[in-house]
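What follows is a short report on a single structure.
The values are calculated or read from the model by the stated rules, or taken from the named source; none is laboratory data. Only a predicted model underlies this, so the values are computations on that prediction, with no experimental measurement involved. Please note: Cβ atoms are built from the backbone with ideal geometry, for glycine as well, and neighbour counts cover all protein chains shown.
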Amino acid sequence: MITITIIIIAITCLVSFLAFSNENLMGDLIFYPPAITNENQWYRFITSGFIHVDTMHLAFNMFTLYFFGSSWETAYIGYLGVGKIWYIILYLGALIVSQIPSYLKNRNNYRYRSLGASGAVSAIVFSMILLMPWSTLYVFVIPVPAVIYAVLYLGYTIYMGKKGNDNVNHDAHLWGASFGIISSIALKPEVISIFISAVTHPHFGGAE
């Protein structure tokens, strides 16, 4: 069965692989704040989410999206009755929102570039954690409850974002995750009670 998740993964893989061997295409799609500031190339907020640094970067994001995106479609669309269009809005919206802080910091920084679907993937992951906080995630083969992972992930992201001494856009991860949580609650307020009930009545399992 072809799902929205599969379609997003297929498009992302196609565009990423094309960009791997085409520097001009990579340059046209990458998130480059001065091009947005000076040439109004606002499309880069979205297109940068469909290209990646290398195959490992692409594989990590797409495998994560496959598991959590498929669960999202089952839970939000299948059980909570959310329209399919909201999945697309959440994903693309997260791509945009997750890059806004980076744009504001680097609007005239000619050395700054960013790419990858991590902001949108983070939104999907944290949206699902609201419904399945005690599902098991495997982090480097170590089983971790999703809600614990979420706390550690956000703490690490905030810490590394403040240090700013690596090539990872931690701000995009943080704001993508935040957007996923806030937009999910706005879309289906009952997820708050579902989350509280799940956290206070732990049920471990459901490996992702």
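Of note:
- Filter result for TYR43 (of a type in the set (Ser, Thr, Tyr), farther than 18 Å from ILE2 by Cα and either surrounded by fewer than 17 Cβ atoms within 10 Å (Cβ to Cβ) or free of Cβ contacts under 8 Å to residues at least 24 places away in the same chain (or both)): yes
- Residue that is modelled with the lowest pLDDT, among those in the range 138-187 that are assigned to a strand (DSSP E or B) and of a type in the set (A, V, I, L, M, F, W, C): VAL139
- Every listed requirement among (1) at pLDDT 95 or above; (2) farther than 22 Å from PHE17 by Cβ is met by SER135 save one, (1).
- The range 92-126, subset hydroxyl-bearing (Ser, Thr, Tyr) and in contact with a Gly (Cβ under 8 Å, 6 or more places away or on another chain), residue nearest to TRP42 (Cα to Cα): SER98
- Among the criteria (1) surrounded by 16 or more Cβ atoms within 10 Å (Cβ to Cβ); (2) closer than 23 Å to LEU131 by Cβ, the one MET1 does not fulfil is (1).
- Restricting attention to the range 62-107, the residues being among the β-branched types (Val, Ile, Thr) and not in a helix (DSSP H, G or I) number 1.
- Applying the criterion of being farther than 19 Å from TYR110 by Cβ and among the hydroxyl-bearing types (Ser, Thr, Tyr) to the residues of the range 48-80, the residue that is surrounded by the fewest Cβ atoms within 10 Å (Cβ to Cβ) is TYR79.
- Members of the range 34-61 that are touching a Leu at 6+ places or on another chain (Cβ under 6 Å) and either in a loop (DSSP other than H, G, I, E, B) or under 16 Å from LEU130 (Cβ atoms) (or both): ILE51, HIS52
- Every residue from the range 21-33 that is surrounded by 16 or more Cβ atoms within 10 Å (Cβ to Cβ) and either free of Cβ contacts under 8 Å to residues at least 60 places away in the same chain or part of a helix (DSSP H, G or I) (or both): MET26, ASP28, LEU29, PRO33
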